Each structure stands twice: as C-alpha cells, then as structure tokens.
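Presented below is the structure to which this report refers.
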Amino acid sequence: MSQPNPNNPYINSFDTRNTQNNAQYGIPNSQNQNNPYTTTGFLGNENTQKDFLEGALIGAVATFILTNENAQKAIFKGFAKVSSLFESGIEELKERYEDAKAEVNDVEMDT
C-alpha cells in the first residue's frame, strides 16, 4: 500500500484521530458516531418499525377494499357524488361568467 501524498491539504482534515480538525470541517468524531446497524427495538430502529407499521396498515386497507364488494360500492358512490357536485359547480361558474359577460356588454352599450 502506498503512502498518502504529504502535500495533499485534505489528508489531515479527514484523519479520524484529529478530532479538532474533524469538528472544524463538520466531520463527526468516530468515537461518538452511532452504529447504524444497531437495533433498538423489536423490529429495529424506530423509523423502520414506523415504516413497517404504515406499510402493513396500507396493505390491510388495500386488501379490504379489493376484496369487499360493499366497500367498493360505497367508494364508487362517494366518487359519483363528488363528481356530480364538481360538475354542478362548474355549471354554476359558467352561468356566473355568462352573467358577468352580459353585464359588461350592457355597460358598453349604454356608454
């Protein structure tokens, strides 16, 4: 193995024994670093456990929806109601636009 170039200014800043330079460049001290492979809970660290539980919950809901006909009907009825409300809202906006357009034309004709 070859020796590092002593003229390289970055060699000392990454030396794990030089904690003062490491702190200066934002490099954590190797003695204070947590090992990412240590487990703290039943299924690993807390984030992994949270992710697993979220995935299991999403999977359970998806399975329920895909296998239950009553749930599917209720969801589709809800979508139908929302879409009809949306369509009626669009029609109302079109009517208001036409009314405003007619008012502008009336004002222009009066002047």
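The values are calculated or read from the model by the stated rules, or taken from the named source; none is laboratory data. This one's a predicted model, so the numbers in the text were calculated from it and none came from an experiment. FYI the Cβ positions are ideal-geometry reconstructions off the backbone, even for glycines, and counts take in every protein chain you see. Heads up: the accessible areas ignore ligands, DNA and RNA and are worked out on the full protein's heavy atoms, side chains in. Shrake-Rupley method; radii C 1.70, N 1.55, O 1.52, S 1.80 Å.
Before moving on, here are some points about what is shown:
- Ranking by accessible area, most exposed first, for 67, 48 with a 1.4 Å probe: 67, 48
- What the phi angles of region 71-79 give under the Karplus curve with 6.51, -1.76 and 1.60, with θ = phi - 60°, is a coupling list of 5, 5, 4, 5, 5, 5, 5, x, 4 Hz, glycine and proline written as x.
- Neighbourhood charge, 14 Å Cβ-Cβ cut-off, centred on residue 101 and excluding it, Lys, Arg +1 and Asp, Glu -1: -4
- Accessible area per residue, Å², region 46-94 with all protein chains present, probe 1.4 Å: 88
- Neighbour net charge for residue 80 - beta-carbon separation under 11 angstrom, K R +1, D E -1: +2
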